[in-house]
1. Report, in degrees rounded to the nearest 10, the 0 to 90 angle that the Cα long axis of helix 148-159 makes with the longest principal axis of the chain.
2. Taking other Cβ within 10 Å of each residue's Cβ, how do 238, 215 sort, fewest first?
3. Tilt of helix 231-240 relative to the longest C-alpha principal axis of the chain, in degrees (0 to 90, nearest 10)?
4. Rounded to the nearest 500 deg cm²/dmol, what is the calculated helix-only ellipticity per residue at 222 nm for the chain, with -39500 (n - 2.57) per DSSP H run of length n ≥ 4?
5. Which FRET efficiency, nearest 0.05, do residue 152 and residue 265 yield, Cβ-Cβ r, R0 41 Å?
6. Given Cα pairs under 8 Å that are at least 6 residues apart, what percent is the relative contact order of the stretch 32-96?
7. List 18, 263 from most exposed to least, where exposure is judged by having the fewest other Cβ atoms within 10 Å.
8. Fully extended, how many nm does the chain gain between residue 22 and residue 54 (0.36 nm per residue separation, minus their Cα-Cα distance)?
């Protein structure tokens, strides 16, 4: 008599939050029916945004949203890394420090005194940093918020034992694929598309608006895979051809992903020119 095979154990998934707006977790919930199918392939063990049933690790996959902004979180992420076989950061906060990383150029203590009647009770760091500055990260999903289709593809690949591939080319290529008119050339708008990675589907240029870099820096096609984009040339075009003054050029790069190296370095150049 043939022996019955034991049922295959489903990989355990955790969705963990740090300093963020929860938008990327909402993108997961917006998978709707696909989320139900994902729930059949995975054991969603920890996801406070979606369920009160919170099971302890270890986990096969951990999706981490948010940046590190407190000493407590800097300690907690070490525990998350120890419990997760695969750690995936989701969204601009987790991959680049997020919009809250604007504090990295400011006096946080003065903000506390201005906002809170008892600032001594606010225990926060002077910086907002991405998860990768604290622990090893296996995959990064950029965006503010992430693209739910991209997340689904990565999760499907992992469950199927396939190495996930996340696109790193620029928004410009996506515009060409979809036949959008270039807003930088045709309208003279300070579009960050040439130096921003695709993933959003080129939403803003498709509406005749300029890209503001919410998916972070692309890989420099002219310099080779894995190397930074040519922000220097684009910034000069903004200044010389589009007549942006230095502080306006700075603000283009110092936004949602302003703390990540290529954008931070370029904004610093123009800060010194201001």
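1. 40 degrees
2. Values: 238 22, 215 28.
With the fewest neighbours first, 238, 215 line up as 238, 215.
3. Result, in degrees: 30.
4. Working: 12 runs with 101 residues, N = 274.
The per-residue figure over the chain is -10000 deg cm²/dmol.
5. Numbers: r = 33 Å, r/R0 = 0.81.
It comes out at approximately 0.80.
6. Working: 60 pairs, mean separation 21.1, N = 65.
The value is 33 percent.
7. Numbers: 18 22, 263 26.
Going from least to most buried by this count: 18, 263.
8. This chain segment gains 9.8 nm when fully extended.
Since every read-out is calculated from the coordinates, none of them should be taken as a lab result. Small disclaimer: the values here were computed from a predicted structure and weren't measured. In this analysis, Cβ positions are derived from the backbone assuming ideal geometry, glycine residues included, and neighbour counts consider all displayed protein chains.
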